[in-house]
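Read the structure below first, then the notes.
The values are calculated or read from the model by the stated rules, or taken from the named source; none is laboratory data. The model shown is predicted, which means the values in this text are computed figures rather than measured ones. Note: ideal-geometry Cβ built from the backbone for every residue, glycine included; neighbour counts use all protein chains shown. For accessibility, only protein heavy atoms count, side chains too; no ligands or nucleic acids. Shrake-Rupley method; radii C 1.70, N 1.55, O 1.52, S 1.80 Å.
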Amino acid sequence: MKIRELFSYFTPYEWETPSWMIAEEHGLKLDQIIRMDMNTSPYLPLKWLKNLESKITMMKINNYPDTTYRDLVNEISNYVGVKPEKIIPTNGADEAIDIIVKTFIDCGSEAILSSPTYDYFRVSVELQGGKIIKILRKNDFTDNVDGILSSINEKTRIIFLCSPNNPTGNITEYKDLIRILDEVPDVTVVVDEAYYEYSGRTFIELTETYDNLIIVRTLSKAFGLAGARIGYIVTSKETAKLLNKARPPNSLNTISIELAVIALRDSETVIRNSRKIVKERERVRELLSALPKLKVYPSEANFLLFKLVRGDSRLLHKRLIERGIVIRNLDSIPELRSHLRVTISLPEHNNKFLKLIEKLLEEV
Ligand code: PMP
């Protein structure tokens, strides 16, 4: 079988191990496993599911969905406060990234990552035949704008920023983004705002002024709908027209579209839940910071990045999993040796994590 040369060196996206596999490996029951590694919401939106249930038997599921996704676009438009022409719904934020990459990356084009950041940017660009240029963030994880700007050449097509950034938790600074947008109007700047609801800070208004700015959002995080796979792009009307040429016609499904519409009509619930998580994040951060051997970073998202200053972070990660608490081990990322990331969950889960890590810190 002849395959693309790329696959001789390409590193695929590292999928999270499913809970059933963790349970089997460590002799645990499925309900003993607490996932604090996926940055998802701990709140199951039962109210929305019940509402969906009442509509599901009336769905014309034998037909394709409305390929303009009109109802969903209108709800996103209300939620975000921009005109429908500026919005493209996608099958999760990951598909949004793929559509952007397909629009701008030719074989041999370059994309800049403000690194460390969300790995799917790299995966998408490399699969499209593009090359990744990593510009390391500063010590406080803010974007190295001088580094980004000086690495731009005629092959550069996209600069990926992420605000709040996964996994560092900090946001892009307004002055930094403006400087990039002003200095390179012919390079597309993507700002991934997957965790927007936790920071409350968005750059969407700048899409009125800058055609080269594209915002990516998702309902997988604060909306608690990761399983429904709904994301969206907000950009200028002109850029949206261009991106629409690269988007698949029917990648969203009728059931998820309806669920997303129901959810977006109830955004007060999302805001309330996001506030609870933010409050909980600050409580956990304070308690975690008080433990020995740990350096905990500030965060504007629903997760905390921390470093085990002395000891074996891989062992700590393993010991937590053995007891059913799954967090993200970032040790394989060169800039994040001995770092771990924990997603903020319900208070009882967070307390369990805190109690366990306090005990394990004496052993690792
Ligand atoms: N962007 C960032 C920064 C993320 O952390 C994630 C989820 N891990 C995604 C995009 C993907 O989100 P979705 O589930 O909407 O594809």
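Worth pointing out:
- Per-peptide packing, taken as the mean over residues of other Cβ atoms within 10 Å, places 319-327, 336-344 in the sequence 336-344, 319-327 from highest down.
- In summary, the aspartates and glutamates within cross-link reach of Lys86, defined as a Cα separation below 14 angstrom excluding same-chain residues under 8 places away, comprise Glu75, Glu205, Glu208, Asp211, Glu238.
- For the chain, dividing the convex hull volume of the Cα atoms by the residue count gives 159 Å³ per residue.
- 26 Å Cα-Cα reach of Lys352 towards lysines, excluding residues that sit fewer than 8 places from it in its own chain: Lys29, Lys221, Lys276, Lys279, Lys293, Lys295, Lys307, Lys318
- Sparsely packed trypsin sites (Lys or Arg not before Pro) within region 31-115, loop by DSSP, other Cβ within 10 Å at most 14: Lys60
- Accessible-area composition of the chain, carbon plus sulfur, in percent [1.4 Å probe]: 52 percent
- Separation of alpha-carbon centers, region 190-249 and region 307-344, rounded to whole Å: 30 Å
- By a 1.4 Å probe calculation restricted to protein chains, Ile135 has an accessible surface near 20 Å², given to the nearest 10.
- Å² of accessible area per residue within the chain, as computed with a 1.4 Å probe and no ligands counted: 48 Å²
- Loop-resident trypsin sites (Lys or Arg not before Pro) (DSSP state other than H, G, I, E or B) in region 180-278 with no more than 16 further Cβ atoms inside 10 Å of their Cβ: Arg201, Lys245, Arg265.
- Exposed loop sites here mean chymotrypsin sites (Phe, Trp or Tyr not before Pro) with a DSSP loop assignment and at most 10 other beta-carbon atoms within 10 Å; the chain contains its longest site-free run at 16-364.
- Low-density loop positions, trypsin sites (Lys or Arg not before Pro), region 152-181 - DSSP coil, at most 15 other Cβ in 10 Å: Lys155
- For region 48-266, the relative contact order works out to 27 percent when only alpha carbon pairs closer than 8 Å and six or more residues apart are counted.
- Lys352 contributes an accessible area of around 100 Å² to the protein surface, as traced by a 1.4 Å probe with all chains present.
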